[in-house]
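S.K.: Sending over a structure as structure tokens; questions will come in a sec.
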Amino acid sequence: MAQSVDRMGQKELEIVRRAYAKHVLANADVDDADVEAAFAAVRREDFLGSGPWPMMRWNGSYRTTPSDDPVYLYQDVLFGIIPERGLNNGQPWLHAMLIAAAAPRPGEHVVHIGAGVGYYTAILAHMVGESGQLTAIEFDGGLAERLAANFAGQPNVRALQGDGAQIAFDPADVIYVNAGATRPADMWLDQLNDGGRLILPLTSDKGFGENPENIPIQRRGAVFRIERCGDEFLAKWISAVAIFPCEGARDTESERALAAAFAKGGWDRVTRLCRRGDVPEEQCWLKAADWCLAYA
Ligand SMILES: C[S@@+](CC[C@H](N)C(=O)[O-])C[C@H]1O[C@@H](n2cnc3c(N)ncnc32)[C@H](O)[C@@H]1O
């Protein structure tokens with residue numbers, strides 16, 4: 001692999017990073033100065049290991065970047081972190097949109113589940129600042145080691161290996177889930193502070209990998225923003241999604257309810273999440289035995 005003879009210097013990269021942040025926010029259709037500043041500040045190359053890097057192409061295959069010049073990382077594209085498992089550093093515009101919806105504020109505690117090697121953890125950490133706290137949880141042992149190494153010496157970021165649906169964490173203002181569940185883990189709802197926001201990707205069993213039946217993405221995966229108001233959980237659909245499955249937060253009964261809900265449509269009319277199974281069927285988009293996503 002030819003190495004670039006004129007690798008970009010740090011000053012040039014700072015400018016590139018600022019341009020990247022603007023492009024990412026424009027692609028996300030988001031106008032949020034705090035999110036833009038975080039994308040402009042965090043160095044993607046500090047998290048993805050040494051290059052060249054596997055860059056995802058439009059057809060889902062990977063192309064290796066022409067060299068290890070970090071300038072190639074400042075595109076609104078996915079990069080493989082374990083490409084043979086289809087496990088990627090996610091799409092910047094999607095994260096910009098989801099992080100804007102989560103709206104982390106200085107001093108808050110954010111829990112990041114499915115943190116990978118921590119690029120988006122660092123963006124969240126930038127937004128909560130030194131007075132805030134990050135708990136980053138990654139299931140895969142090898143990635144969790146890299147995650148911990150990437151935040152060594154940063155006292156307000158705690159990196160943990162394990163199942164983010166089970167590992168105990170302190171009450172949180174934002175819970176940012178980056179893997180496809182079939183239901184919200186009880187702990188995510190229990191540990192959300194009043195006014196806290198949970199970003200919850202829900203996927204059917206068709207929500208990741210091959211899609212031979214060409215099912216539209218809207219009917220395979222959905223991200224909901226859940227906001228706690230006292231004992232109530234307000235819910236709003238924010239995006240379609242195809243995403244790596246969340247170990248520990250998938251079960252057959254909820255998957256069936258989710259697949260049925262995707263088939264009938266109407267996700268955009270959801271207004272609340274209830275932790276009970278007795279809400280009448282006609283008021284629900286998704287109805288499982290002990291929880292539902294309801295319209296009113
Ligand atoms: C789509 S990848 C995203 C990685 C990272 N957020 C990024 O964009 O670079 C999903 C990640 O979630 C992790 N994961 C899956 N289930 C998990 C769980 N129950 N707890 C913590 N991490 C989980 C996977 O190992 C994988 O690294």
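S.K.: Failed condition for F262, given (1) surrounded by fewer than 21 Cβ atoms within 10 Å (Cβ to Cβ); (2) over 23 Å from G164 (Cα atoms); (3) among the aromatic types (F, W, Y), with all others met?
M.R.: That leaves (1) as the condition not met.
S.K.: Are any of the residues in region 148-170 among the β-branched types (V, I, T) and without any contact (Cβ under 8 Å) to a residue 12 or more places away in the chain? Spell out how you get there, then give the answer.
M.R.: Going through region 148-170, the residues among the β-branched types (V, I, T) turn out to be 157, 167.
Now restrict to residues that are without any contact (Cβ under 8 Å) to a residue 12 or more places away in the chain: none.
No: zero hits.
S.K.: Looking at the structure I just gave you, is G107 modelled with pLDDT under 95, assigned to a loop (DSSP other than H, G, I, E, B), out of contact with any His (no Cβ under 8 Å at 6 or more places or on another chain) and surrounded by fewer than 24 Cβ atoms within 10 Å (Cβ to Cβ)? Before the answer, list the steps.
M.R.: Numbers: modelled with pLDDT under 95: no; assigned to a loop (DSSP other than H, G, I, E, B): yes; out of contact with any His (no Cβ under 8 Å at 6 or more places or on another chain): yes; surrounded by fewer than 24 Cβ atoms within 10 Å (Cβ to Cβ): yes.
It is false that G107 is modelled with pLDDT under 95, assigned to a loop (DSSP other than H, G, I, E, B), out of contact with any His (no Cβ under 8 Å at 6 or more places or on another chain) and surrounded by fewer than 24 Cβ atoms within 10 Å (Cβ to Cβ).
S.K.: Determine, yes or no, whether D76 is within 14 Å of the ligand (Cβ to nearest atom) and modelled with pLDDT of 95 or more.
M.R.: On the way: within 14 Å of the ligand (Cβ to nearest atom): yes; modelled with pLDDT of 95 or more: yes.
Criteria met by D76.
S.K.: Let me ask you something else. Scan region 34-61 residue by residue and report those that are surrounded by fewer than 17 Cβ atoms within 10 Å (Cβ to Cβ) and either closer than 17 Å to V16 by Cα or of a type in the set (F, W, Y) (or both).
M.R.: Passing the criteria: A37, A41, R43, D46, W58.
S.K.: Let me ask something else about it. Read through the list (1) hydrophobic (A, V, I, L, M, F, W, C); (2) in contact with a Ser or Thr (Cβ under 8 Å, 6 or more places away or on another chain); (3) at pLDDT 95 or above; (4) closer than 30 Å to E84 by Cβ, then give the number of the only condition that A235 fails.
M.R.: (4)
S.K.: OK, next. Go through region 142-201 and count every residue that is among the basic types (K, R) and away from the ligand (no atom under 13 Å from the Cβ). It would help to see each step written out before you state the result.
M.R.: Restricting attention to region 142-201, the residues satisfying the condition of being among the basic types (K, R) are 146, 158, 183, 197.
Applying the additional criterion that residues be away from the ligand (no atom under 13 Å from the Cβ) yields 158, 197.
Of the residues in that region, 2 qualify.
One line per residue, one yes/no per condition, for (1) crowded, with 18+ Cβ neighbours inside 10 Å; (2) within 22 Å of A103 (Cα to Cα):
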| site | (1), (2) |
| --- | --- |
| F224 | yes, yes |
| I243 | yes, yes |
| A249 | yes, no |
| E253 | no, no |
| L258 | yes, no |
| R275 | no, no |
| V279 | no, no |
| C284 | yes, no |
| A296 | no, no |
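S.K.: Are there any pairs with C-beta distances below 7 angstrom linking a residue in region 74-86 that is in a strand (DSSP E or B) to a residue that is of a type in the set (S, T, N, Q) and buried (at least 17 other Cβ atoms within 10 Å of the Cβ), with the two at least 6 apart or on different chains, and if so which?
M.R.: Listed by first residue and then by second, the contacts come to F79/N88; F79/N89; G80/N88; I81/N88; I81/N89.
S.K.: Another question, if that's okay. For the subset of region 111-132 comprising residues that are away from the ligand (no atom under 13 Å from the Cβ) and not in a loop (DSSP other than H, G, I, E, B), which member is surrounded by the fewest Cβ atoms within 10 Å (Cβ to Cβ)?
M.R.: Filtering region 111-132 down to residues away from the ligand (no atom under 13 Å from the Cβ) leaves 125-132.
Then keep just the ones that are not in a loop (DSSP other than H, G, I, E, B); that gives 125-128.
Working: A125: 24, H126: 19, M127: 24, V128: 22.
Only one residue tops the list, namely H126.
S.K.: Continuing with the same structure: On the given criteria, is G86 modelled with pLDDT under 95, small (G, A, S) and within 14 Å of the ligand (Cβ to nearest atom)?
M.R.: Numbers: modelled with pLDDT under 95: yes; small (G, A, S): yes; within 14 Å of the ligand (Cβ to nearest atom): yes.
So G86 passes the test.
S.K.: Would you confirm, using the coordinates I've provided, whether T135 is at pLDDT 95 or above and part of a helix (DSSP H, G or I)?
M.R.: On the way: at pLDDT 95 or above: yes; part of a helix (DSSP H, G or I): no.
Criteria not met by T135.
S.K.: With the structure loaded, tell me whether Y62 is over 30 Å from I167 (Cβ atoms), of a type outside the set (A, V, I, L, M), more than 20 Å from the chain's Cα centre (by Cα) and away from the ligand (no atom under 11 Å from the Cβ) or whether it fails that test. Reasoning before the result, please.
M.R.: On the way: over 30 Å from I167 (Cβ atoms): yes; of a type outside the set (A, V, I, L, M): yes; more than 20 Å from the chain's Cα centre (by Cα): yes; away from the ligand (no atom under 11 Å from the Cβ): yes.
Here the answer is yes, as Y62 does meet what is asked.
The values are calculated or read from the model by the stated rules, or taken from the named source; none is laboratory data. Just so you know, these numbers come straight off a predicted model, no measurement behind them. Methodologically, a virtual Cβ is constructed for each residue, glycine included, from the backbone with ideal geometry; neighbour enumeration extends over all protein chains shown.
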